[in-house]
Structure formats: C-alpha cells, structure tokens
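First comes the structure, then the notes that go with it.
Any read-out appearing in this document is the output of simple, stated calculations on the displayed coordinates, not a laboratory observation. Treat the numbers as computed from the prediction; the structure is a model and nothing was measured. Ideal geometry is used to build each Cβ from the backbone, glycine not excepted, and the neighbour counts take in all protein chains shown.
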Amino acid sequence: MSQWMTLFQKEIIEMWRNFKWIWVPITFILLGVKEPLTSYYLPQIIKSVGGLPEGAVFEIPTPTAGAVLASGLSQYSTIGVLVIVLGTMGIIAGERKSGVAAMILVKPVSYLSYVTSKWAGSLLLVWISLFIGYLSTWYYTGQLFDWVPIGEFFQSFVLYGLWLTLIVTVTVFFSSALLSPGVAGFISLALALAVSILSGALSHLLEWSPSQLTSYAGALLTAGELPDDTLPASLVALVIILIFLLFSVFVFKRKELAS
C-alpha cells in the first residue's frame, strides 16, 4: 500500500508541474458559468446585436432553473470530455515513449500499482474539476433564476462523474496499449462519440448504455425524478470501468515485457 501511495503522490505532483491542477479546473469553471449567464442575458445579447426590423418584438420564454442547470451540465459531455481526453491520453503512453515507465518498473513496482495510481490521480483531478465547475453552474443558476434542490445537484453530479470516470478509464486503457498519446486520445474520443451517437439514436433499445447517464441526469433536473433505467446504466458503467481497468494492467504488462 505504501508503494501505491508513493506512486499516487508522484502522479499528483506531476500534474502540478504540468499545471493540470490549474487549467483543467479553470476550464470546467468557465464551462460552468457560461450557460446560466448566456441564458439570462440572451435577450440583451440579441438586442445589442441588432438586425431586427423596427418595432419587432422578440420574446424568449424564461427557462426553468432545472433546464438551465441541465444545459450547463451537458457542456461537460462535449468540451469537458475533450479536455479530459487531452489531459489523460499521454498519462502512460508518454512515459512509455520517453522511457520513464521502464525506469520506474526496474524497481520492485507492480504493474497494477503503476497503472491504478495513475488512473486514481486522473480521477481525482476530474472529479474535483467537475465538482467546482458544476457548483459554479448551480450557484449562478440559483442567483439568476431559481435554486435547484441540493439533492438533485449531488445526484446529477454523481451520474455525470460516473460517465466521465468511464471516459478516463477508456483513455487510460488506450494510453496503456499504444505508444502514441495522440492516437490513444483520438481513439478514445472516437469511441466516446460513437457510443453517445448510437445510444442516442437507439435510446429505446439501449436504456442501459452508460452514455445514457448524461440524459438521465438531465431528466432528473428537468422532471425532478430519475428514470427507471438509471440503476442498470450505472451498474453497467461500473462493470465496464472495472473491465477496462483490468485490461489496462494486462495490456501494459504484456507490452512492457515484450519490449
């Protein structure tokens, strides 16, 4: 356990040196405050842009607080996923390519400790960044519109965090299997996009798909209750996360022993 904690601390320090603890939370905060501010000031923005006929009246219905919060949360499924993949794709592939991984593994360090410590460090960064960013969305939504119950805030936060955990795990897997961080990131993004599109198009058949967790979180915020398929989708996500994490260790060990 002390070995794992040493590797975990090394990963946290490395992310400080790479400024990930600065730019990732800041990006999530900017994503978080954008939606409530844009929704609130949209009529003024349209009016200032101009181009409407004289005397024209352009009325925009005021969105509900839940709808604004759900819309803000959806930003983490697009730009947020891109940020996560960019920050994670080189976590193992970069060290393998530079030879740092080989230097570490020369010591009595287990492959399981090496991979899982990096995975846990990335998750800590993602969950903290998501919480700070989403908290800013909730705060500005409450100030400008209405307050969403704190229970719904935390439930939707956990659902989105679970989906982003899956994204991190998949990216770590491809980073373990490939030497090129760019290729690992591209495949991870392509896979996440394909699963999201397929699950959206076949939502009536793939209610258990982990990517549905994002829409279930939005449904909670807008309708006030979780859909019935939330638990199966969450369990499937947990199983896939475990499988990809174990395969990450297995593939990384084979690649290192082969080299």
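Below is a table of values for the structure above.
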item	result
Within-14-Å neighbourhood charge of Ser180 [Cβ basis; K, R +1; D, E -1]	+2
Descending principal axes extents, the chain, alpha-carbon based, whole Å	75, 40, 32
Alpha-carbon centroids, the stretch 70-133 and the stretch 210-241: separation in whole Å	24
Number of Lys pairs (Cα under 29 Å; 8 or more positions apart or on different chains) in the chain	22
Packing rank of 198-209, 182-193, where each peptide gets the mean count of other beta carbons within 10 Å, highest leading	182-193, 198-209
Under the Karplus curve 6.51 cos²θ - 1.76 cosθ + 1.60, θ = phi - 60°, whole-Hz ³J(HN,Hα) for the stretch 95-109, x wherever Gly or Pro sits	6, 5, 5, 7, x, 5, 4, 5, 5, 5, 6, 5, 6, x, 10
Selected from Ile150, Ile128, Ile84 as most flexible by GNM, with the chain as the system and alpha-carbon contacts under 10 Å	Ile150
